[in-house]
Amino acid sequence: MKVLYKFLLLFLSMVIFFVLNLLLGTVKIPVDAVVSILFGDESVSEIWRNIVWSSRVPQALTATVAGAGLAVSGLQMQTVFRNPLAGPSVLGISNGASLGVAFVVLLSGSLGGVALSRLGYLGDAAMSVAAIVGALAVMALILYVSQKVKGNVTLLIIGVMIGYLATAIIGVLKFFSAEEDVKAYVVWGLGSFARVSGDQMMLFVLLMVGLLPLSMLLSKTMNILLLGDAYASNLGLNLRRARLLVISCSGILVAIVTAYCGPIMFIGMAVPHLCRALFHRSDHRILMPATMLTGACLALVCNLVARMPGFEGALPVNSVTALVGAPIIASVLFRRHQSVE
């Protein structure tokens, strides 16, 4: 029953933070006006209706599913590699997405004179496609390597090296690019839940809503992987195939979130630790839905802080995720260390 109460608390927290994302922002809109807008009252100010439907609702939905996806991806990576510091970017998949966007933003401007990032909707679509292609290309390379090496540590090191290589190429592209193109790339790299709207938002949400339940099917496999390679093999688990499935699922989630929102850091690494401390369990049948809800809550909180009333515009989401998440995860690890002693 305690587990059920905790799930209920997480769900209610997610609903509360979602509603707060609709009510609060740089523009003050009365609560009754927001409620009327959500129920389709057209007598409310058109400006307020545009703010709610074109900005706040898409941001809240994007933050919810992106946070859930990154949290699940982080849990999968930490389970496969049995490494508490593993996260969605551990295999260089986020770096691959960044490299794809760098080619669109930086290289296209250097070669063609006009960067695709400055072409409005076409540029945004090109950046999303480039991020997905870059992330999936790195993931394909990682999956190929995983067929050739046996140890998780070796695969982890190779992934980190691929990430460093992608970062080095991005650095070279920055050096030869115009200042405006570099600025556009840096802004993309700060991450944002406000970048997705309209049809893009609907497609993003539908993709994540379809993928997240499918990731739940790997809960049993991940539970067996926790027992160790020898014991898992004795139970009849094909270690290579299991590792391939979990890494593929994690990589696809990261690729899609990075393509639409930019490289959102920290949520994937912090949330699994927070859920383990909250539930005191290692059963992935409980941890998977718990990380989804907790990741959604943390992303909504970060989005709320990023556009708190009083700020002109919005703070970078990556800065906020670190500011909000780092103290939480540090306190969780500190308490765990004290309880062990």
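Remarks
- For segment 2-340, a crude dipole built from +1 on the beta carbon of Lys and Arg and -1 on the beta carbon of Asp and Glu, taken about the Cα centre, is about 1380 debye to the nearest 20.
- Segment 2-340, relative contact order in percent, only Cα pairs under 8 angstrom and at least six apart counted: 32
- Multiplying the residue separation of M202 and S54 by 0.36 nm and removing their Cα-Cα distance gives an extension gain of 52.1 nm.
- Sparse-neighbourhood loop sites, trypsin sites (Lys or Arg not before Pro) in segment 129-230 - DSSP loop, at most 16 other Cβ within 10 angstrom: K150
- Packing order of peptides 67-79, 157-169, highest average first: 67-79, 157-169 (average count of other Cβ atoms within 10 Å over each peptide's residues).
- Per residue of the chain, the DSSP helices (runs of n ≥ 4 H) give a summed -39500 (n - 2.57) that works out to -24500 deg cm²/dmol at 222 nm.
- Each of L206, I47, Q78 was scored by the projection of its Cα onto the charge dipole of segment 2-340, and the greatest displacement toward the positive side belongs to Q78; charges sit on the C-beta of Lys, Arg, Asp and Glu.
A short reminder: the numbers here are calculations on the coordinates, not readings from a lab. Because the structure is a prediction, the values reported are computed rather than measured. We place every Cβ from the backbone using ideal geometry, glycine too, and count neighbours over all the protein chains shown.
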